[in-house]
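Everything below concerns the one structure shown next.
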Amino acid sequence: MAPSANQSNSNGASSEPQNNLAVNPLLSRIRVSNQYLFQQQIQSRLISNGTNPTREDNFRLLGTQWIGDVRNSLQLPVRTYCTAATYYHKFRLVHKDNEYQYQDAAAGALLTACKIEDTLKKSREILCAAHNLKVSPSEHLTSDDSMFEGLSKVIIGLERLMLEASGFDFRVRKPQKHLVKIAKEAKLSKATYLVAYDIMIDLYRTFAPLKQTSATMCFACLELAVLVMNPKGVPIRSSKLRYLYERCSSTRPEILETLLDLLDLYTHFQKSSIVGPLHNIDRFIQIRIALNQEVEQTSSKNRYTEFHGPPKINNFKKTPITPRTPSSPSEVRKNGNIVSPVTLSPTSADSSRRNAAARTQDGTIRFILDAEQAKREQEKVSEYFKTQYEEYEIEVEETVRPQRDDRVERSQHRGRDERYNSRSFSKRARR
């Protein structure tokens with residue numbers, strides 16, 4: 001008959017101490033998803049990746065334009081476009097531009113968005129739609145063509161990196177439904193609402209969706225639509241709907257920041273938008289001047305909300321972050337031939353900002369949405385990895401050896417050895 005759990009073994013020792021041995025937790029890293037980002041965080045991530053500002057604007061606009069064109073070709077809903085653009089922006093904040101082509105990243109973001117929003121499309125269908133947009137109708141291909149075999153694997157590999165860059169956070173804001181409700185509350189015309197709807201799509205060409213709430217984006221788009229359609233019209237901020245700011249937890253500086261982001265797009269990249277080419281650029285410049293004057297009248301006088309400069313030490317600013325040196329031409333991938341997203345490391349999402357010591361550690365990455373839970377876990381786990389030191393002072397007596405002079409003492413005569421100047425030596429030499 002087998003012994004019970006409380007019964008001791010034949011040696012007289014209980015089995016309970018063996019089962020209650022403390023096991024240290026596995027080494028791992030925790031990444032918490034950021035639902036919102038500040039402009040300062042976005043700039044620091046771009047600088048740490050060594051992103052060129054001119055190329056950054058170009059790749060950002062080309063990628064979102066590619067997503068919009070393919071989305072219209074596949075007749076996908078606008079919520080899929082919003083999700084794909086958001087994932088595309090988050091991906092670019094983590095990976096350098098020379099690690100991928102913007103078409104591959106845009107296709108990976110659109111494939112991820114289709115699965116999240118339940119508008120399922122295969123990677124072959126997305127690539128086929130993008131190809132058919134560039135060729136004539138007689139050269140259209142089907143999704144089962146062998147041409148898309150290799151590219152589809154690249155897109156599937158990028159899908160994994162998209163999820164890691166976002167922290168496996170599937171919470172994406174879709175402000176279109178809020179736009180309809182606020183437009184009805186403001187009793188705006190249908191023409192103004194349609195312009196605001198197009199402005200909302202243009203807004204996803206900027207980083208504003210990563211920074212602002214749905215209500216803030218709706219207020220900014222409706223106000224800009226009113227100012228563009230009717231220059232002499234009363235802005236929304238001075239109407240009787242001003243109480244909605246507090247009701248929707250939105251502030252005027254946040255709306256001003258969103259408006260200026262839109263006006264930067266319409267003044268500098270007018271042709272890369274929907275509403276920009278339909279109106280004169282002078283109108284956007286006049287609106288921007290008026291909003292800049294309003295920003296100067298505020299207490300903070302900052303273009304961006306919650307923007308804090310580097311701390312000062314002895315009345316001197318801290319040295320800014322040194323941009324990452326661009327990779328050599330051999331490391332730049334061209335047409336996906338040198339480096340494939342399938343072979344990229346799973347931890348490459350945050351490897352650009354991790355020091356060398358952290359990169360060499362073994363462990364897993366855990367993605368958590370709740371920041372408080374992650375903080376509690378880190379405090380609990382840190383107890384097992386504390387390194388404690390004890391200092392001791394020990395007196396040790398060491399014997400000092402006497403110094404030895406290895407040089408041979410010779411009497412010197414006019415700087416020469418005396419034995420070579422003796423008469424006997426000279427006599428022998430003469431003999």
**Message:** Being more than 17 Å from Val228 (Cβ to Cβ) and under 26 Å from the mean Cα position of the chain (by Cα) is the filter here; which residues of the range 273-306 pass it?
**Reply:** Asn302, Arg303, Tyr304, Thr305, Glu306
**Request:** List the number of the failed condition for Leu61; all other conditions in (1) in contact with a helix residue (DSSP H, G or I) (Cβ under 6 Å, 6 or more places away or on another chain); (2) not in a helix (DSSP H, G or I) hold.
**Result:** (2)
**Prompt:** What residue, among those in the range 108-148 that are among the acidic types (Asp, Glu) and surrounded by 17 or more Cβ atoms within 10 Å (Cβ to Cβ), is farthest from the chain's Cα centre (by Cα)?
**Reply:** Glu125
**Request:** Test Leu241 against the criterion of being on the phi < 0 side of the Ramachandran plot and modelled with pLDDT under 90, and give yes or no.
**Result:** yes
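The values are calculated or read from the model by the stated rules, or taken from the named source; none is laboratory data. Nothing here was measured: the structure is a model prediction, and the numbers come from that model. Neighbour counts run over all protein chains shown; Cβ positions are idealised from the backbone, glycine included.
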